[in-house]
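Right, one structure below, let's go through it.
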Amino acid sequence: MTHDATPPFAGLTPDALLDAVESLGLRASGSLLALNSYENRVYQLGMEDGPPLVAKFYRPGRWSDAQILEEHAFSLQLAEREIPVVPPLLFDGASLHQHGGFRFALFARRGGRVPELGDSRTLEWIGRFLGRIHALGQVADYAQRPALDIDSFGVEPVHYLLANNLLPPDLCEVYRGVAAQALDGVRRCFDRAGTVRQLRLHGDCHNGNMLWTDDGPHFVDFDDSRMGPALQDLWMLLSGSREEQSAQLADVLAGYEDFCDFNVRELHLLEGLRTLRLLHYSAWLARRWHDPAFPAAFPWFAQPRFWEEQILSLREQIALMDEPPLWRLP
C-alpha cells in the first residue's frame, strides 16, 4: 500500500510546536510529551509559569475553521453549564490559532484513569453526564459539521476502498459482496427505527475519551463531534453477551433519562451503527496510511489477515442486524 502525498505533520518539529505555543504570549519550559493521538497531533507541554497544558495541532484538510470553531463553541457551552468536559482555552477571546501553517488549540491538562465499564454505578454516572450533554446537544443543530449517516460512514468508505484497489486482489470481490450485504442490513436497521432525533454528539464516546477521577468522569476530545442519533454516544459503552449488554444499557439509561429522554426505537440502530463504524474505520486507516504514524501504529493493516478478519466481522454483523433489539419495544 503506497501513497506519495507529503506527510501532513512533516513540518511540525519540536521547535515549530514550541514557537506556536509561545506565539500566544506563553513561556514553555521545553518539556514535551506526545500523547496518544493519530488523527491530530497532541502534546503535553511543560510551562514555566503554571501547570502543563495540552496542545492539539489539527490535521490539515480534515475540518474547516468553521467546523472546528463550531465544535469548540459546543464544548465551551457544555463547560459553562458545569458539565465535565475539557474545552479549549481562550486567548484574547479566540480558541483556534494558527502558526507556521498549522492550526492549533490549547487545553488544560486533566488527568484520570479509564472508567470501569463493568460497574453498574459507573455506567449510571456516565449516563447522567451523557444525558446532560445531549440535553444541550438537542437545543440547536450544527450548521457546518456533517451528520453521521449511511452514505458518509458506509457507502463512501466502501467505494473508496474498492476504487483505490486497497484490498488484496483475491479478497476484493468477497469484500464487495459482504459489504453490500452489510449496507443492506444497515438500511433495514434505520428503516425499522423510523424517524429518530438528530442531535449534537460527542461522536466517539469510547472509554479512551473518558477519564475517571474520584469526582466522576470527564469527557475529552470532541474532534469527531457531529449530528447523529443519541445511541451513537451510548453503544460503545456496551460489550459482552446480549444479556450483559442489555443490563449495561439499563444502567446507562437509568442515569441518562434523569436529564434527557431516550427514544427506545433507536435500539434498532445498535448493530447498524456498529457495522458503520467497522466500514468507516477500514477506510480511515487507508486514507491515513501516508502519515508515518499509521504504519508504525497499525502494521497489521497492510496484511491480508486484517481483511479476512474484517470480512468475518461483517458477516457476523449481518446476522446480528437481523436479530431483535436488546429490549422488547412497545
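The values are calculated or read from the model by the stated rules, or taken from the named source; none is laboratory data. Everything quoted here is computed from the prediction, not taken from an experiment. Neighbour counts are summed over all protein chains in view; Cβ atoms, including those assigned to glycine, are modelled from backbone coordinates with ideal geometry. For accessibility, only protein heavy atoms count, side chains too; no ligands or nucleic acids. Shrake-Rupley method; radii C 1.70, N 1.55, O 1.52, S 1.80 Å.
If packing is taken as the average count of other Cβ atoms within 10 Å, what order do 131-139, 210-218 fall into, highest mean first?
The densest-packed peptide leads the list: 131-139, 210-218.
Give me the net charge of R128's neighbourhood, meaning all other residues with Cβ under 12 Å from the Cβ of R128; Lys, Arg count +1, Asp, Glu -1.
Spelling it out: positives minus negatives among the neighbours equals -2.
How much length is gained on full extension from D92 to A297, taking 0.36 nm per residue of separation minus their Cα-Cα distance?
70.1 nm
Treating only the Cβ atoms of Lys and Arg (+1) and Asp and Glu (-1) as charged, compute the dipole magnitude of the chain about its Cα centre; round to the nearest 20 debye.
It comes to approximately 280 debye.
Run the helix sum for the chain: -39,500 (n - 2.57) per DSSP H stretch of 4+ residues, divided by residue count, reported at 222 nm to the nearest 500 deg cm²/dmol.
-12500 deg cm²/dmol
What's the local net charge at V264, with K and R +1, D and E -1, over the other residues with C-beta under 14 Å away?
So the environment of V264 carries a net charge of +1.
With a 1.4 Å probe and all protein chains left in place, how much accessible area per residue does the chain have, in Å²?
Heavy-atom SASA per residue in the chain reads 46 Å².
Could you compute how much accessible surface W289 exposes when probed at 1.4 Å, giving the result in Å² to the nearest 10?
Here the accessible area works out near 30 Å².
Please report, as a whole percent, how much of the solvent-accessible surface of the chain comes from carbon and sulfur atoms (probe radius 1.4 Å).
Solvent-exposed carbon and sulfur of the chain make up 50 percent of the total.
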